[in-house]
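So the structure is just underneath, and the comments pick up after that.
Please treat every number below as a calculation from the coordinates, not as lab data. None of the values given here were measured: they were computed from a predicted structure. All Cβ positions, glycine included, derive from the backbone under ideal geometry; neighbour counts span all protein chains shown.
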Amino acid sequence: MPIELPRIDRRLLGLLTSLSIALLGAAAGRELRAEAAKARIVGLGAATCQQFNDDIKSNPLVRRDYLAWAQGFMSAILLSRPTGVDEGLDLNPATFGLIDQLQFLENHCAKNTSRDFSDAVEALYKRLRQEGRT
């Protein structure tokens, strides 16, 4: 069931996304210097898909928070890509907007309850890469 975000909520989503990008960028730099092999996921992305499912069921408004975290995480992935890889990738293409992305995350986590929410976001990133090729 798609949700429609009022204009004010889209501004809030943009602000949360920008904040997430800034925080992830700062944390990523420290993490890369400290440990290049495995980054430690923090925030909502550290939740399992089952926790995500439970959270959005008990409080549908928390979807925005998860989506903002996902956009920030994907932005950090995009920024960490080598030169020439994923350049110009649109994380909010007109053909697969934020509502579609949220639905993707919900569907992915419904099917993969034991996985981490961050795994669902990585799958979404891969989906957006495919979208950029169409």
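Taking amide H atoms as placed 1.01 Å from N in the peptide plane, list the residues 5 or more away in sequence, or in a different chain, whose amide H sits under 5 Å from that of D116.
C49
So how far apart, in nm, are the two label points at S58 and A123 if each is 7 Å from Cα heading toward Cβ?
According to this spin-label approximation, the distance is 2.3 nm.
Could you sort 113-119, 81-87 so that the peptide with the highest average Cβ count within 10 Å comes first and the rest follow in order?
So the order, starting with the most tightly packed, is 113-119, 81-87.
In nanometres, what is the gap between the two model label sites at Q130 and S80, each 7 Å from Cα along Cα-to-Cβ?
Going from the Q130 label point to the S80 one covers 2.3 nm.
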